[in-house]
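First comes the structure, then the notes that go with it.
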Amino acid sequence: AYVLAAKRMFWPVTASIATTLAAFLPLMFWPGISGKFMRYLPVTVFTVLSGSLLYALVFGPVLGSLFGKAGSRDEASLETLKQLEEGDPTQIKSLTGWYAKLLQLAARYALVTFAITITVLVATFMAYGKYGKGVIYFSEAEPMYASVAIRARGNLSVDEVNQLVTEVEREILEVDGIASVNSTTLLSGRPSRGSAADRVGQMFLELREEDQRRASGTEILEEIRQRTSQFAGISVEIDAMEQGPPSGKPILLQLSSHNRELIDPAIARIVAHIDENMPQMRDVDDSRALPGVEWKLTVDRAQAAIFGADVSQVGIAVQLITNGVKVGEYRPDRSDDGVDIRVRYPTEHRGISALDQLRIATPSGLVPISNFVQKSPTPNVDTFQRIDGIPIGQIRANVAPGVLADDVVKELQAWINQQQWHPDLRIQFRGANEDQAESMAFVGVAFGLSLLLMFVLLVTQFNSFYQAVLILFAVVLSTAGVFLGLLITNNPFSAILTGIGIVALAGIVVNNNIVLIDTYNHIRKEHPRLDYVSLIVRTGAQRLRPVMMTTITTVFGLLPLASNYSIDLMNRTVVYGSMLSSFWVPLSQAIVAGLTFSTLLTLVCTPAMLAFPHQLRAVGKKLSAKLPRRQKAEPVAE
């Protein structure tokens, strides 16, 4: 029996594994950071499925022949088996019998069944389009780590910065659920990549394990935000550590122009609109320089030449009242770096006012530089940013809990489109929004390539375009199931995880259709005189148990993860909403919802669609019989 089963199911099982691998194959070529982050999933699937195919076709039958036992041999079981193989499955007194009766009705009225299925699909897609919650980049996992940025402006000394950071740290340590805090002080006016220029301190927080604290990670971070909002003169930003591919703050608006003078006024205009009209955005910062004054010295070269001076002399003289002129270097013992030796005027002779009294040596004697140098104040500039040689400016922001960054981006984009901007200024959203768009575009292409590869494999296997299309119709059913699951759970669409779930379902749900249609072709070959309704009913009845078993085992295996439960067998603990489980909730929910929905419709719709060709041929014969036949003209004697 095991040998016969292996021979009988060799091609259906091989085709099922091949279509699943075809679905995951394009994901292995995912570009960018998202692709590097998620590439392990398709690689693991390829390895596991290749091993499972070898086990199912070789090791499984061998082990079954050695250790397997015969099934039940009582009269009821034998009668059921006889009805499934040779009799009428509708006479079986069990769930299989009820299913056979339903299938008989669906096959006889295939057009009605198909119309009901299409109505359900259209209603599902329209409902999601109207009531869908939106799109996120990765997942809304519970945070375990967080960073705190402390921002302050002013000419603060090291001790003053340390005092501010210490006060914030003392307030954070009062919050229950924090395991450790690592604090660092910074000098204002030295921005790093992706951070504000006025940041004077930063902290790295580690929260306790979920079973060791009362509140969730999101609630703890909100409590920290509330406790640190009381400080005057400083602002505290709390960012949960990203669980997926790094993208920084969820909203990143980039302004670029070859004319740098256009960028800062546009940034100020957008930030003012955000502060006044968009309270759902918070922790807003931008790349503008901190308020300040720089003194610009303009040398009149012609006038300086009259006094016998040049620009280099002016530069050296100015250094004497600022940072000093480097004259040498001293390297202490056991030191890797040297210490500059600089010469400058005493403290009382340094500063802005000293420029007016500054004199330089010329062949004519000491000459005041005010004779040929003009001093003028200009706005402070701490750094220049360019991408591909084009000056840029950036606005970064977080969103409040429960607010989707995608919705905020659409609202802000609509306002920007309504405004009048200089034609040389370009405004675009980057960061997570750009990565999200690229990920969704790639997933769409991967989905199309997967369907194409599976279609080629199915046509090769079944030698029928109609049956190949009918098998792939399950992909549409599974996609509708994913959207229906998102509506029921009221969760947003994850550009990466839900997208991968839809692509993965494309390779999973077709397996049921492959088994059904292969069994239909086999029974039709073995019983050519059986009418098509009996063929379809017998096919569904015989394959109901394996189809339901594969679906139930897959759904039950993923159900704890889809329900956001993390089960630790080693430590005998069950935790709801842990960082591990919430990380994979979008993917597992997509597979559970899509597989359940598609299986329920596949068990009825696919067999009914197999009746379509027979019913169309019957309709064609009736129409041809009713049409009047052309009479042959009799020869006329001349």
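The values are calculated or read from the model by the stated rules, or taken from the named source; none is laboratory data. It should be emphasised that the depicted structure is a prediction, and the values quoted were computed from it without experimental measurement. For neighbour counting, all protein chains shown are included, and Cβ atoms are generated from backbone atoms with ideal geometry for every residue, glycine included. Note: areas computed on protein heavy atoms with side chains; ligands, DNA, RNA excluded. Shrake-Rupley method; radii C 1.70, N 1.55, O 1.52, S 1.80 Å.
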Dimensions in Å of region 419-479 - Rg and Dmax from alpha carbons: 19.9, 61
May I ask for the percentage of alpha-carbon pairs in region 1-135 that lie more than 25 Å from each other? 64
Can you list the residues of region 336-361 with backbone N under 13 Å from a point 7 Å past the Cα of VAL327, pointing along Cα to Cβ? 341-346
Hey, how much of the P(r) for region 276-411 falls beyond 26 Å, as a percent of Cα pairs? 55
Suppose we take every Cα in region 54-117 and form the convex hull; what volume per residue is that in Å³? 147
Using the structure shown, list the pairs from LYS69/LYS525; LYS249/LYS296; LYS326/LYS375; LYS249/LYS410; LYS7/LYS525 with a Cα-Cα distance above 27 Å, or answer none. LYS69/LYS525; LYS249/LYS296
Sort 99-106, 409-416 by packing, meaning the average of other beta carbons within 10 Å per residue, with the highest value first. 99-106, 409-416
Normalised by the number of residues in region 303-358, what is the relative contact order in percent for Cα pairs under 8 Å and 6+ residues apart? 33
Using a 1.4 angstrom probe, figure out how much accessible area the chain has per residue, in square angstrom, rounded to the nearest whole. 57
Rounded to the nearest 10 degrees, what's the angle between the helix 40-54 long axis and the longest principal axis of the chain, both from Cα atoms, 0 to 90? 30
log10 of Debye I(q)/I(0), alpha-carbon scatterers only, for region 183-259 at 0.19, 0.20, 0.26 Å⁻¹: -1.09, -1.17, -1.41
Give me a comma-separated list of calculated 3J(HN,Hα) values for region 213-227, in order, Karplus coefficients 6.51, -1.76, 1.60 applied at θ = phi - 60°, integers in Hz, x for any Gly or Pro. 9, 7, 9, 6, x, 5, 5, 5, 5, 5, 5, 4, 4, 5, 6
Nearest 10 degrees, 0 to 90: helix 263-277 Cα axis against the chain principal axis: 60
What label, among [x] 54.0; [y] 35.3; [z] 31.4, belongs to mean projected area of the Cα convex hull in nm² computed from the structure on display? [x]
Computed over the chain, the relative contact order (Cα-Cα under 8 Å, seq sep at least six) in percent reads 22
Where does each of 587-600, 263-276 land if you order them by average Cβ count within 10 Å, highest first? 587-600, 263-276
Once ligands and nucleic acids are excluded and a 1.4 Å probe is used, how much of TYR109 is accessible, expressed in Å² to the nearest 10? 130
Along principal axes, largest first, the alpha-carbon spread of region 216-306 in whole Å comes out as 75, 31, 29
Considering only SER77, TRP98, GLY32, whose Cα is most displaced toward the positive end of the charge dipole of region 1-105, charges sitting on Cβ of Lys, Arg (+1) and Asp, Glu (-1)? GLY32
Mind checking the angle between helix 497-508 and the chain's longest principal axis? C-alpha axes, 0 to 90 degrees, to the nearest 10. 20
Calculate the length of the line joining the C-alpha centroid of region 420-447 to that of region 112-168, in whole Å. 18
Please give the Cα centre distance for region 319-369 versus region 460-506, rounded to the nearest Å. 73
Translational diffusion coefficient, Stokes-Einstein: compute it for region 293-339 using the Kirkwood radius over C-alpha pairs as Rh, at 4 °C and 1.567 mPa s, and state it as an integer in µm² s⁻¹. 96
